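Q: Quick one: this structure, given as structure tokens, is what I'll be asking you about.
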Amino acid sequence: MTNKPYASIDIGSNTFRLLIAKKNTDKHTTTPWHIIAYTHRIIRLGEGLHQSGKLCDAAMQRAMHAFHEFSELLKKHHIEAPHLSAVATAAMRDAENGMVFCQQVKKEMGIHIQIIDGEQEANSSLTGSCAVLPKNICHNFLLFDIGGGSTEFVRAKDSENIDAISQKMGVVRLTETYLHSDPPSQQDYEAMKEVCHQHLDAVEYYWQKNNPNAMAPQHLVGTAGTVTTLAAIDLGLIDYDANIVNNHLIQKKRFFELRDQLLAMTHLERQAIPAIEQGRADLMIAGMAIIESIFERWHYESLITVDAGLLEGAWLDISSSR
């Protein structure tokens with residue numbers, strides 16, 4: 001039987017990612033996928049969404065350009081429609097014109113997009129993360145996935161979802177609303193944290209309602225751009241390497257050192273750091289506010305970083321269903 005490639009696309013509120021891979025037949029490797037092609041683009045699809053309720057024209061134009069590039073890669077690697085999973089998250093599901101835009105992408109690019117809800121997003125992120133996490137961590141951990149429009153929280157035991165909740169606490173939303181100064185003022189940063197804690201109140205309420213005797217799990221695991229970028233900075237990476245970022249441990253003390261370093265910089269100074277890609281320098285501030293709030297709320301002493309998440313989870317879902 002031919003080992004055909006499968007593809008997944010993660011259409012986030014900030015970043016679009018494409019993975020084309022075959023099922024890994026080498027039992028000595030650490031991941032179930034063998035990557036043929038990978039690319040990503042910072043699109044900021046959720047730009048202005050919290051104000052207008054719609055995807056703006058500029059964001060949709062950027063998105064269509066990315067979809068055109070992705071479509072060419074899919075054709076190059078002969079990806080058939082049944083072997084592609086394209087999933088869209090907070091920006092698409094919150095926007096009044098999200099479904100109309102999906103139909104436009106289908107018509108012009110031939111890419112069928114599924115808009116998934118927060119629970120589906122959390123489940124796929126868990127599947128992707130567990131593929132690279134060691135078993136002792138998978139036994140009992142809290143996974144958080146910071147996106148542009150939302151953050152998902154999954155309590156997991158033995159790689160299984162105990163419960164999941166999505167909060168409209170995303171880095172694009174927080175940045176557009178609260179980041180008014182450069183370098184960021186303490187007032188801006190504290191305003192972000194205050195909102196984050198309101199969202200964490202909702203997470204705790206959900207946990208208590210769901211299972212009053214089980215609160216924060218033993219290990220803290222984070223995925224997506226802010227977390228992996230912090231790991232890359234901590235590791236001093238010039239060229240990003242997902243394999244090195246996966247399972248990198250950031251102690252709380254080290255997180256605060258990185259936070260202080262980045263908060264003291266201007267936007268241009270942060271953007272000059274090799275590990276921070278173009279378009280992410282301002283969003284790092286909001287992402288750190290989310291992470292710091294999590295540290296404060298549940299008193300974790302360290303954070304385990306994983307590059308794998310929703311994109312890889314979507315790939316595993318499509319490749320295992322065929």
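The values are calculated or read from the model by the stated rules, or taken from the named source; none is laboratory data. Since we're looking at a predicted model, the values are computed, not measured. Because the Cβ atoms are built from the backbone with ideal geometry, glycine has one as well, and the counts that use them run over all protein chains shown.
Q: Look at THR223 and say whether it is under 20 Å from THR266 (Cα atoms), buried (at least 16 other Cβ atoms within 10 Å of the Cβ) and outside the structural domain of LEU55 (by TED's automatic domain parsing).
A: Here the answer is no, as THR223 does not meet what is asked.
Q: Quick check on segment 72-103: of everything there that is charged (D, E, K, R) and surrounded by fewer than 18 Cβ atoms within 10 Å (Cβ to Cβ), which residue is nearest to the chain's Cα centre (by Cα)?
A: GLU96
Q: Next question, about the same structure. Tally the residues that are out of contact with any Ser or Thr (no Cβ under 6 Å at 6 or more places or on another chain) and either closer than 16 Å to GLY225 by Cβ or of a type in the set (A, V, I, L, M, F, W, C) (or both), restricting the search to segment 147-175.
A: Total meeting the criteria: 11.
Q: Here is a follow-up. Mind telling me which of the residues LEU49, LEU84 ends up being among the aliphatic types (A, V, I, L, M), more than 21 Å from SER124 (Cα to Cα) and touching a residue at least 60 places away in the same chain (Cβ under 8 Å)?
A: LEU49 is the lone residue from the list that is among the aliphatic types (A, V, I, L, M), more than 21 Å from SER124 (Cα to Cα) and touching a residue at least 60 places away in the same chain (Cβ under 8 Å).
Q: I'd like the full set of residues that are among the β-branched types (Val, Ile, Thr) and within 21 Å of the chain's Cα centre (by Cα), limited to segment 246-279.
A: ILE250, ILE273, ILE276
Q: So which residues in segment 104-149 are surrounded by 19 or more Cβ atoms within 10 Å (Cβ to Cβ) and charged (D, E, K, R)?
A: GLU121, ASP145 - these are the residues of segment 104-149 that are surrounded by 19 or more Cβ atoms within 10 Å (Cβ to Cβ) and charged (D, E, K, R).
Q: Filter segment 239-257 for residues that are hydrophobic (A, V, I, L, M, F, W, C) and surrounded by fewer than 18 Cβ atoms within 10 Å (Cβ to Cβ); which is farthest from SER129 (Cα to Cα)?
A: Looking at residues that are hydrophobic (A, V, I, L, M, F, W, C) and surrounded by fewer than 18 Cβ atoms within 10 Å (Cβ to Cβ), I get PHE256.
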